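To start, the structure itself, in structure tokens.
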Amino acid sequence: MKSEIVTRTAPANPDTIGMAAAILAAGGLVAFPTETVYGLGADATNGQAVARLYAAKGRPLFNPLIAHVADTAAARAQARFDAAAEKLAQAFWPGPLTLVLPKADGCTVSALASAGLDTIALRVPDHAVAQALLAAFGKPIVAPSANRSGHISPTTAQHVIDDLSGRIDLVIDGGATRVGMESTIVGCEEAGPRLLRSGAIARAAIERVLGVALRSGGARADDDAVSAPGMLASHYAPKARLRLNAARVNPGEALLAFGPTPAAGAEGALTLNLSQSGDLIEAAANLFAHLRALDAKATAIAVMPVPQDGLGEAINDRLARAAAAR
Ligand code: TXA
Ligand code: MG
């Protein structure tokens, strides 16, 4: 067992960025904000640093990491782009899209980070702090969501501290993340692009750019052929029991509401609303923080139905995983 280390928290500013880059260069672990959720960063090219990262998160070694790079040029050094990948990078980078691509011959990312696969997940984040850190460090940074494996993703520095204090070196506090939902992951495969994880960019927006439907299916992590190995059925697990698509609140349940009209029986129940006005973008931004807040106070949570369109696909995916038997 490794002993605890001191986790520092510092506001995002140029001094902190410089300190963070030095910690990464020394093989340390730095949590930082992106536009989606907080990431836990390590030097992608340093196998020992990557091993430390897996250990700090308690993440199984078969579950590969996303390498974050400054721009498309840096991504091209790591992976081979087909026509679909070119279109998607052009349309959505920098931003909350991750592409899974065949590794380039000169790929410098540690084999451990991609769990020995011949593909690599790449993302160009659109967040000033993430961009500043990538510029200061000058190499790819692997960064899974900065939560303990299987827990709810962090959208504030405090969420990171709650999960990982004593296990990582630094948390850069850049405030609450804007999008609040992880990046959408698309695998660019020979048979055509495939949706590996729904996320911050809606399926329809991606399909509009591609001009074809995304393939899907077979991507569930409990199937034999795991496509995005992190998509375990029971993930994003709160301690509380979740009851989805609830039309009413049972005695003793807290309520995760959506829309202007609370479910029947909500009077007196501890309630947080994903979006009073029924806005799915607002709901995505609130999802993980509201789950954490209700989980801290309740043992059972009724969740109102959320429509499946737009970011609803990703919201319902995360809710289903949070509710899955474990
Ligand atoms: O928004 C995000 O993507 C955040 C921020 C920090 O960038 N990161 C994030 O990372 O959500 P993580 O580790 O929580 O999720 C990465 C997902 C996992 O489901 C993993 O299995 C999948 O990406 N993945 C990584 N490399 C892959 C590969 N070569 N093939 C298929 N799936 C891959
Ligand atoms: Mg995660």
Folded to 0 to 90 degrees: helix 128-137 orientation relative to the chain principal axis, Cα: 30 degrees
When the chain is fully extended, how far beyond the present Cα-Cα distance does Ala205 get from Glu86, taking 0.36 nm per residue of separation? 41.3 nm
Length-normalised contact order of the stretch 1-142 in % [C-alpha pairs under 8 Å, at least 6 apart]: 33 percent
Shape of the chain, Cα gyration tensor, a/c cut at 1.5: oblate
Mind ordering 164-177, 22-35, 51-64 by average Cβ neighbours within 10 Å, highest first? 22-35, 164-177, 51-64
Length-normalised contact order for the chain - Cα pairs under 8 Å, 6+ apart - percent: 19 percent
Taking a ≥ b ≥ c as the square roots of the Cα gyration tensor eigenvalues, with a/c under 1.5 meaning rounded and otherwise prolate when a/b beats b/c, else oblate, which class fits the stretch 141-182? rounded
Antiparallel DSSP beta bridges within the chain, as percent of all bridges there, nearest 5: 45 percent
Between the modelled labels at Ala128 and Asn13 (7 Å from Cα along Cα→Cβ) the distance in nm is 1.4 nm
Where a ≥ b ≥ c are root eigenvalues of the Cα gyration tensor, a/c under 1.5 meaning rounded, otherwise prolate if a/b exceeds b/c and oblate otherwise, the stretch 1-145 counts as oblate
Computed [θ] at 222 nm, deg cm²/dmol, the chain (DSSP H ≥ 4; -39,500 (n - 2.57); rounded to nearest 500): -8500 deg cm²/dmol
How far, in degrees from 0 to 90, does helix 312-323 lean away from the longest principal axis of the Cα atoms of the chain, to the nearest 10? 80 degrees
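Throughout, read-outs are computed from the coordinates displayed, never taken from laboratory work. Since the structure is predicted, the reported quantities are computational estimates derived from the model, not experimental observations. When we count neighbours, we look across all protein chains shown, and the Cβ atoms used for this are built from the backbone with ideal geometry, even at glycine.
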